[in-house]
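J.: After the structure tokens below, expect a handful of questions from me.
The values are calculated or read from the model by the stated rules, or taken from the named source; none is laboratory data. What you see is a predicted model, and the numbers here were worked out from it, not measured in a lab. Cβ placement follows ideal geometry from the backbone for every residue including glycine, while neighbour counts extend to all protein chains displayed. Please note that ligands, DNA and RNA were not included when accessible areas were found on the heavy atoms of the full protein model with its side chains. Shrake-Rupley method; radii C 1.70, N 1.55, O 1.52, S 1.80 Å.
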Amino acid sequence: MGRILLICRLALRDLRRRPGEAALLLLATTAATATLTIALALNGVTGQPFQSTRAATAGPDVVASLAWPGQSEDPADLAGLEALASAPGVAAHSGPYPYTQAVVEANGVTVRAWTQGRGAEAAAVDQPALVEGGWVADGGAVLEASFAQAIGVDAGDAITLGGRSFRVAGVAVTAAADPYPKVCLAPCWFGVGAESRAENGPPRTRPRPERGPPSGPPEEPSFWIGQGGLVWVTEADARGLATRPGSLAYVMNLKLTDPAAAPAFVRAHMPEAESMLFPVAWQDILYGHARVAEWKQTALLGGSWMLGLLALASIAVLVGGRMADQLRRVGLLKAVGGTPGLVAAVLLAQHLAVALVAAAAGLLAGRLVAPLLAEPGIGLIGRADPGPLTLPVAGLVTALALGVAGVATFLPAVRAARTSTVRALADLPRPPRRAGWLIAVSARLPVPLLLGLRWAARRPRRAVLGVAAIAVTVTGIVAALATDARRYAEKAPGDDPRTALGQVLSLVVVMLVAQAVVNAVCVIWAATLEARRSSALARALGATPGQISAGLSAAQVLPALGGALLGIAGGIGLAEILDDDPVAVPPLWQLLAVVLGCVVVIAGLTAVPARLNARRPAGEALRTEPA
Amino acid sequence: MPSESLSSLGPALRTHGLRMRYGQGTGLVNALDGVELEVARGETLAVMGPSGSGKSTLLHLLGGLERPSEGEVWLAGRRIDGLGEKALARLRRQAVGFVFQAFHLMDELTAEENVELPALLAGMSPRAARRRAGELLDRVGLAGRAGHLPSALSGGERQRVAVARALSNEPLVVLADEPTGNLDSAATADVLRLLDSLRETGQTLVIVTHDARVAAIADRLISMRDGSFVEETRLTRGGGRLSELAGLEG
Ligand SMILES: Nc1ncnc2c1ncn2[C@@H]1O[C@H](COP(=O)(O)OP(=O)(O)OP(=O)(O)O)[C@@H](O)[C@H]1O
Ligand SMILES: [Mg+2]
């Protein structure tokens, strides 16, 4: 007991001796824990609103749609579709309802919409729930909510649908379709209408036609493949909007006795090639809704791991930078009878204490921010509530903080504890690594580069940590840019709901940059401290303060440049891994801006201590310290 | 020899009313208190005095490593106490070589890389700097140790490397702060012999020391106490001195 008290007292005193450093540690770790808290809080957030929407709309378990029945231009032959209604396991159905594709014009936005014909009476399965206005009437259309929001229309507005004037009778939500712009009924296939992902949920299998659509001249296809919204009109209007018999298709909504068996049902009824029957399970539709939230979560989870790595690098640098100073204290402690274990424990206790505070601060901050990022899924009803802070989340976040602090401290602590007392008291710096080739090469360079390269090479591990930290940061930024570039490359007309991801990406990037700055400050602090004597010596030997400042900056900027270039490759690679679609490489100017930004920020951060260092009289540092 | 911009006439070093204060209030320390000094070209001056008497401070002011609180410092006929850091750095490059008690070698550089560093900082070509380093190491008797790291050298050898480094740019003056303070007597004798040979070639030397044997090679000896000169002795050159040195080794 007394021993633990002693450790705590020593640790606390040590922390108080260096408040700035403790603050840096706290900041670095808190950024990581806060981001992880947010990411974990967003987990499964969309599930609830989708389920309530499903309940409120008698959501289907399987949606089956059929285009070009019988591969002919004849009016639909619905036998194949209708047969599904009496298939084993089907409890109820609605439809078949006719649908076609029509161009919607509203508020200057032009976009295609799947236009479904519905009766006036409520359907047994998939009766869209009105959130505004009334149900369909001749000349009155009801828009799916995410679609209405994206093109900015409300009940009562006038729109053009397939070249005719319609009144917006109402706005409704449904659990039978993905949100805008991913609505997809037959004909709809891989890579165009929607994404599919093997790891998450059952893959969406889409019939791939062997040949092109059978009807219409090439310049005017019956159906366009791609992004679109969902609109309900009366059956008569739907049929009227179909320009040709071949552009009319049918959809049927099925309720199964066992909703969980929907994917199996879909697999069992997947048609042969050639047929344009397209069944989809509700789990797939949930996945479509969850995707926006899932993107956010992936971004946040990836971000928090990167922030954790950066925190690890910061702490390792701080601890390493303190070694010289720490070694003397270790010597003192040991000289007065402290055991190596005690010495290690004091070091560990300090950093674990900071980590615990950081975990608490991160949990609190994350808890406050999460609801802001978890707005209800668009096109669903019910609020998305991140839910209360659970014990596992708190545990995981605390474990991350403690783990990072522990890993970063453990090795130096053990090394410090093992150092011989005499050596520690003599305060001998660790023998530096020597990179002969670099010394030879640098002799040919201008003085600032000569000094900078040699300083960077004196502590290769720290240089590597600096490179790694910048590389991780730039990886995150470039991955975010790549994701963003893709989002905009395929941005749907109107306010694409997926642009909400932009907020999260910005948040992650801002956190990464903040964390990288903290890391850079740690690295620069340690490097400047260590270079004090050798920079004073260089001045005694005739280097000007300007050359010293430039050299100290170069020692940081060169690794940063390397890290930034690595990070660009890493970022594009990461985007490739996280995203199943081919990544869009961000524009060159963005990549250049990232690299330049890194260099400028690091040079700027280094300039201050380097200048302060150069302004102090050189004699001071050379007075007493033994070599 | 030093560049044309430095006058080749008059004393190498001169100070007038030199004062240096550290701290303020009750913590005020008068490290130097009105020092008047003149060092002729080619002269070897020894400065002795108890710890804290201001010897290192004087040396730092003479070499422009620190700036005085008051008074004048003249180096090679040029007043340097008001110069900016950059001008001081240039001046040090041309005119001053430092030797420290703690050697202050860069421990990741070999002997020869340490010695060539000032020449590289002064813009000499790498090849010329390397050649000059070789000559200097030869001169201090360490030609065979050029590729060794400081950690592989004895104390005396390290200090001889430091002396060679101080000579790298053919400075007007070499300022040595307790060059034998960290050495045993055999190593002290090596370094002394080296300093003496410098004196014989006409190198201007200012040596701060606790050690009477070191002071004995000087032309003139100044004793300091509490920041002021208290005694000045002109030493006569006698045949006895070198034999005295030889006696150190016995
Ligand atoms: N940076 C400083 N701040 C405050 N006081 C200082 C500083 N540097 C030196 N002093 C004080 O100035 C006085 C002279 O110091 P200096 O180092 O010149 O003495 P010294 O004669 O070289 O001593 P030693 O023989 O121990 O090396 C001392 O009292 C010292 O404490
Ligand atoms: Mg001294």
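J.: Determine whether region B:26-41 contains at least one residue that is modelled with pLDDT under 90 and more than 16 Å from ligand 1 (Cβ to nearest atom).
T.: No, region B:26-41 has no match at all.
J.: Okay, moving on. Looking at B:A128, B:A119, can you tell me which residue is within 13 Å of chain A (Cβ to nearest Cβ) and crowded, with 24+ Cβ neighbours inside 10 Å? Give the derivation first.
T.: On the way: B:A128 fails: crowded, with 24+ Cβ neighbours inside 10 Å.
Among B:A128, B:A119, only B:A119 is within 13 Å of chain A (Cβ to nearest Cβ) and crowded, with 24+ Cβ neighbours inside 10 Å.
J.: With respect to B:V140, is the statement that it is touching a residue at least 40 places away in the same chain (Cβ under 8 Å), touching a Lys or Arg at 6+ places or on another chain (Cβ under 8 Å) and away from chain A (no Cβ under 13 Å) true? Lay out the reasoning, then the answer.
T.: On the way: touching a residue at least 40 places away in the same chain (Cβ under 8 Å): yes; touching a Lys or Arg at 6+ places or on another chain (Cβ under 8 Å): yes; away from chain A (no Cβ under 13 Å): yes.
Spelling it out, B:V140 is indeed touching a residue at least 40 places away in the same chain (Cβ under 8 Å), touching a Lys or Arg at 6+ places or on another chain (Cβ under 8 Å) and away from chain A (no Cβ under 13 Å).
J.: What are the pairs, 6+ residues apart or on separate chains, where a residue within region A:309-321 that is part of a helix (DSSP H, G or I) has its Cβ under 6 Å from a residue that is at pLDDT below 80 and β-branched (V, I, T)?
T.: A:V319/A:T409
J.: I've got another one for you. Pairs only if they're at least six apart or on different chains, beta carbon under 7 angstrom, first in region B:84-106 and at the interface with chain A (Cβ under 7 Å from one of its Cβ atoms), second hydrophobic (A, V, I, L, M, F, W, C) and assigned to a loop (DSSP other than H, G, I, E, B); list them, first residue then second.
T.: Short answer, once both residue conditions are applied: B:A89/A:A543; B:R93/B:A122; B:A102/A:A627; B:F103/A:A627; B:H104/A:A627; B:L105/A:A627.
J.: Scan region B:46-79 for residues that are away from chain A (no Cβ under 14 Å) and either more than 16 Å from ligand 2 (Cβ to nearest atom) or in a loop (DSSP other than H, G, I, E, B) (or both) and jot them down.
T.: Across region B:46-79, the qualifying residues are B:G49, B:P50, B:S53, B:E70, B:G71, B:E72, B:W74, B:A76, B:G77, B:R78, B:R79.
J.: Which one is most open to solvent (accessible area, probe 1.4 Å), of the residues in region B:158-193 that are within 16 Å of B:D138 (Cα to Cα) and away from chain A (no Cβ under 13 Å)?
T.: B:R193
J.: Only residues in region A:237-256 that are surrounded by fewer than 23 Cβ atoms within 10 Å (Cβ to Cβ) count as the first member; pair them with residues that are among the basic types (K, R) and in a strand (DSSP E or B), Cβ under 9 angstrom, at least 6 apart or cross-chain, and list the lot.
T.: That search, which allows pairs on different chains as well, returns A:G240/A:R164.
J.: Here is a follow-up. I'd like to check which strands (runs of 3 or more DSSP E) are fully inside region A:124-168 and have at least 1 residues that are closer than 12 Å to A:D237 by Cα.
T.: Details: elements: A:129-133, A:140-144, A:158-161.
Because the criterion is at least 1 residues that are closer than 12 Å to A:D237 by Cα, the strands (runs of 3 or more DSSP E) in region A:124-168 that meet it are A:140-144, A:158-161.
J.: When region B:11-29 is examined, which residues are found to be more than 16 Å from ligand 2 (Cβ to nearest atom) and touching a strand residue (DSSP E or B) at 6+ places or on another chain (Cβ under 8 Å)?
T.: Let us first name the residues in region B:11-29 that are more than 16 Å from ligand 2 (Cβ to nearest atom), namely B:11-19, B:21, B:23-28.
Within region B:11-29, B:P11, B:A12, B:L13, B:R14, B:T15, B:H16, B:G17, B:L18, B:R19, B:R21, B:G23, B:L28 qualify.
Let's see how each residue does on (1) surrounded by 23 or more Cβ atoms within 10 Å (Cβ to Cβ); (2) within 13 Å of chain B (Cβ to nearest Cβ); (3) at pLDDT 90 or above:
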residue	(1), (2), (3)
A:S534	no, yes, no
A:L565	no, no, yes
A:I577	no, no, no
A:D580	no, no, no
A:V595	no, no, yes
A:V600	no, no, yes
A:A607	no, no, no
A:R611	no, yes, no
A:P617	no, yes, no
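J.: In addition: If I ask for residues that are exposed (fewer than 15 other Cβ atoms within 10 Å of the Cβ) and more than 10 Å from ligand 1 (Cβ to nearest atom), which ones from region B:7-23 would you list? Spell out how you get there, then give the answer.
T.: Filtering region B:7-23 for residues exposed (fewer than 15 other Cβ atoms within 10 Å of the Cβ) gives B:7-10, B:17, B:22-23.
Of everything in region B:7-23, those that are exposed (fewer than 15 other Cβ atoms within 10 Å of the Cβ) and more than 10 Å from ligand 1 (Cβ to nearest atom) turn out to be B:S7, B:S8, B:L9, B:G10, B:G17.
J.: Scanning region B:44-54 for residues that are near ligand 1 (Cβ under 9 Å from one of its atoms) and crowded, with 24+ Cβ neighbours inside 10 Å, which turns out modelled with the lowest pLDDT? Give the steps one after another, and end with the answer.
T.: If we filter region B:44-54 for residues that are near ligand 1 (Cβ under 9 Å from one of its atoms), which is where we start, we get B:47, B:49-54.
From the residues that got through so far, the ones that are crowded, with 24+ Cβ neighbours inside 10 Å too are B:47, B:54.
On the way: B:V47: 95, B:G54: 92.
Filtering first and then ranking leaves B:G54.
J.: Quick one: count up the residues across region A:433-447 that are more than 8 Å from every other protein chain (Cβ to nearest Cβ) and under 14 Å from B:L117 (Cβ atoms).
T.: Residues flagged as more than 8 Å from every other protein chain (Cβ to nearest Cβ) and under 14 Å from B:L117 (Cβ atoms) within region A:433-447 amount to 3.
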